[in-house]
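What follows is a single structure, written as structure tokens, with notes after it.
Every number here is computed from the coordinates shown, using simple stated rules; none is lab data. Source: prediction; values computed, not measured. Cβ coordinates were reconstructed from backbone atoms using ideal geometry, including for glycine residues, and neighbour counts include every protein chain displayed.
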Amino acid sequence: MKQELSRHSKAFYTLSCCFAVLLSISNVIAGKIIMIGPFFAPAAVICYSLTFALTDTVAEIWGKEWTQYTVKLGFITTILSAVFIRLALLMPAAPIWGDQEAYKIVLGSNLRIVAASLVSYLISQYHDVWAFLFWKEKTGGRYLWLRNNLSTIVSQLLDTAIFITLAFFGTGVPIFSMITGQYLLKFIIALCDTPLVYAMVYLTKRYVSLPAPGNTN
């Protein structure tokens, strides 16, 4: 008997897939250091920051259990991408292809970055889910903008300090400057992504048409 996905399932899997894609891409592009104004930050700063908007959206609609599933899905996809990037680096290059060294330079640091990312990711994302739902309970489900910002701002600080320290310690990169610069950028992004969270929550609820299932406490 043919079974069709419900609108709840389609919406949830779409948001979770977007989360996993943004997270995986972040680990690939984070090796490049960019400069915005006087601050240094990994190139993944915007891409990765948006993952918090997605988990807040999922937490608002589906609650703790579903959001933690999304976080675990991101963890799995990060490991898979790291494994296959490493395999690609180890595979012998064809004689007609002369870009192996450039390929190694771009992706060779991926293993350390992914390891740092996994540690900071798990700590910050689980904190974000906990904090968002904690404030949701305290506010009686009101003030989405406040819950989104309170949870994300603290979680981003944890993520930034842990990731930068583990990924770049001992490499000659100015650690404190990068933490300050990246966190300031993430702080601004967190404030700016509030309308995006409202839009995703509104459009998703409108699409599913029914109260979302799952534990929202």
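Some points to look at:
- Relative contact order for the stretch 73-148, counting Cα pairs under 8 Å that sit 6 or more residues apart, in percent: 30 percent
- Scoring 157-170, 87-100, 43-56 by mean Cβ neighbours within 10 Å over their residues and listing the highest first yields 43-56, 157-170, 87-100.
- Shape of the chain, Cα gyration tensor, a/c cut at 1.5: oblate
- Burial ordering of HIS8, HIS127, fewest other beta-carbon atoms within 10 Å first: HIS127, HIS8
- Two-site label geometry, SER177 and THR14: point separation in nm, points 7 Å out along Cα→Cβ: 4.3 nm
- Helix 110-138 vs. the chain, principal-axis angle (Cα, 0 to 90°, nearest 10): 20 degrees
- Contact order normalised by residue count of the chain, Cα under 8 Å, 6+ apart, percent: 31 percent
- Neighbour counting of Cβ atoms within 10 Å sorts the residues SER9, SER24, fewest neighbours leading, into SER9, SER24.
- About the Cα centre, charge dipole magnitude for the stretch 7-208 (Lys/Arg +1, Asp/Glu -1 at Cβ), debye: 440 debye
- Taking 22 Å as the limit for the C-alpha separation, the pairs LYS32/LYS64; LYS104/LYS186; LYS64/LYS138; LYS32/LYS72; LYS64/LYS136; LYS72/LYS104 exceed it in the case of LYS32/LYS64; LYS104/LYS186; LYS32/LYS72; LYS72/LYS104.
- Between the Cα long axis of helix 144-168 and the first principal axis of the chain there is an angle of about 20°, rounded to the nearest 10.
- Between helix 45-62 and the chain there is an angle of about 20 degrees, using the helix long axis and the longest principal axis of the Cα atoms.
- Taking Lys and Arg as +1 and Asp and Glu as -1, the other residues whose beta-carbon sits under 11 Å from that of GLY108 total +2.
- Cα shape, the stretch 1-89, gyration tensor, a/c 1.5 rule: oblate
- Springs between Cα atoms under 10 Å define the GNM used for the chain, and in it the highest mean-square fluctuation of GLN156, GLN125, GLN68 occurs at GLN68.
- One Cα centroid belongs to the stretch 99-133, the other to the stretch 152-171; the line between them spans 10 Å.
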